[in-house]
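Scroll down for the structure; my scribbles are underneath it.
Here, each number is a calculation from the coordinates, and none is a lab measurement. Predicted model only: the values in this text are computed from it and were never measured. Methodologically, a virtual Cβ is constructed for each residue, glycine included, from the backbone with ideal geometry; neighbour enumeration extends over all protein chains shown.
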Amino acid sequence: MKKVIWISVAALIAGGIVIAQGPTGQAKGPSKGQAKAQPRDPAQSPASQPGPPTMTPQAYPIEQIRAGELRFTSQCGFCHGRDAAGGETGPDLTRSHLVAEDAGGDKIGPVLRAGRPDQGMPSFNVSDTDLGAIVAFIHDQKTKFEALGGGRRAVDAADLATGDATAGRRYFNGEGGCSGCHAATGDLAGIASRYQGLALLQRMLYPSSGRPAPARPKVTLSLPSGQTVVAPLASEDEFTIAVLDPSGTRQTYEKKAVKFQIDDPMSAHFDQLGKYTDDDMHNVFAYLDTLK
Ligand code: HEC
Ligand code: HEC
């Protein structure tokens with residue numbers, strides 16, 4: 001039930017949206033260096049031109065597509081649009097060359113799991129089942145958009161300012177558990193001066209995108225030799241896991257040859273995406289917005 005309510009929020013703020021720019025232009029994102037993460041100007045969007053065609057035709061069961069839609073809406077729709085056709089910061093996936101070349105997640109999966117933090121694409125710790133569902137949804141949307149073409153909606157950033165800051169503070173210190181890791185007078189002091197509007201909401205929901213990127217998840221590896229290695233995660237796919245050694249060089253291991261545990265400080269945020277109700281999210285946002 002909560003998930004369904006959250007999705008209605010995602011539907012409001014995402015879905016190929018064009019956000020009205022604030023006077024400072026800060027809604028564009030926290031970093032000026034993120035040239036690629038700039039919002040797309042719909043007037044310049046090649047919406048009338050067909051995107052690259054799918055190279056390997058694929059069909060997915062409807063149940064898998066529906067499951068993927070739920071995941072996509074709550075975890076990706078904020079940036080890529082709830083219909084995957086592009087949003088404030090995320091590109092239109094139905095016109096992506098990478099998606100066009102993907103077969104069953106072989107191209108999408110690695111991007112999702114490693115992310116491109118410098119470009120504003122967070123990394124996601126998804127199970128194979130969730131990945132399969134998300135991939136099914138993206139391909140299904142691509143097929144639909146190839147047939148239809150897409151319309152774009154506009155949402156005013158003022159829609160964000162409907163929350164109750166007092167209720168938000170209660171949630172932050174209570175049910176939401178945010179105060180277990182954050183303090184309004186500590187790490188989050190002044191957050192509303194650093195990020196405004198949509199950029200603040202994005203930071204609150206997906207801190208693993210943009211700069212500064214949070215610390216990499218920590219991996220504890222048990223090697224066949226009996227040695228235990230603790231190192232930052234570099235990347236992960238279905239079969240391998242790679243960590244950074246003390247010199248910063250990637251060391252890749254076959255998953256089936258080692259035992260490993262990933263300790264991701266960001267996992268609370270991924271879980272939170274499925275927990276926020278519409279009201280909670282607006283309230284917490286309103287509260288953070290007071291931390292100037
Ligand atoms: C915080 C915003 C954000 C979220 C959330 C997000 N993405 Fe992205 N994503 C981006 C940006 C920005 C890029 C473009 C990165 C670049 O320019 O290289 C991108 C790129 C991608 C690409 C590569 C497209 C290409 O053509 O190279 C894929 C695939 C993708 N995202 C899928 C997803 C999926 C699936 C999810 C949800 C599990 C998701 N993204 C969540 C911002 C986001
Ligand atoms: C288990 C720990 C944990 C919990 C619980 C948690 N977070 Fe976070 N949060 C993090 C980590 C780790 C980061 C990334 C490190 C960083 O950038 O400060 C982060 C980053 C953030 C940021 C961006 C901070 C910045 O300076 O850019 C905001 C905003 C935020 N979290 C809000 C929340 C809210 C709201 C809640 C409760 C609903 C919450 N967090 C719950 C661990 C947590």
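A few remarks follow.
- Cα shape, the stretch 218-264, gyration tensor, a/c 1.5 rule: rounded
- Couplings for the stretch 167-176, taken from phi via the Karplus curve 6.51 cos²θ - 1.76 cosθ + 1.60 with θ = phi - 60°, read 5, x, 5, 4, 5, 4, 8, x, 3, x Hz in order; Gly and Pro are left as x.
- For the stretch 190-292, the square roots a ≥ b ≥ c of the C-alpha gyration tensor eigenvalues yield an a/c of 1.5 or more together with a/b exceeding b/c, which makes the shape prolate.
- Remark: the stretch 130-145, residue by residue, has Karplus-estimated 3J(HN,Hα) of 5, 4, x, 5, 4, 4, 4, 5, 4, 5, 5, 5, 4, 4, 5, 5 Hz, where x stands for each Gly or Pro and the curve is 6.51 cos²θ - 1.76 cosθ + 1.60 at θ = phi - 60°.
- Counting only aspartates and glutamates at least 8 places from LYS259 when in the same chain, those with an alpha carbon closer than 19 Å to its own are ASP128, GLU236, ASP237, GLU238, ASP245.
- Peptides 264-270, 104-110 ranked from most to least packed, by the mean per-residue count of other Cβ atoms within 10 Å: 104-110, 264-270.
- For the stretch 230-240, the Karplus equation 6.51 cos²θ - 1.76 cosθ + 1.60, evaluated at θ = phi - 60°, returns couplings of 10, 8, x, 5, 9, 6, 8, 9, 4, 10, 10 Hz by residue, with Gly and Pro reported as x.
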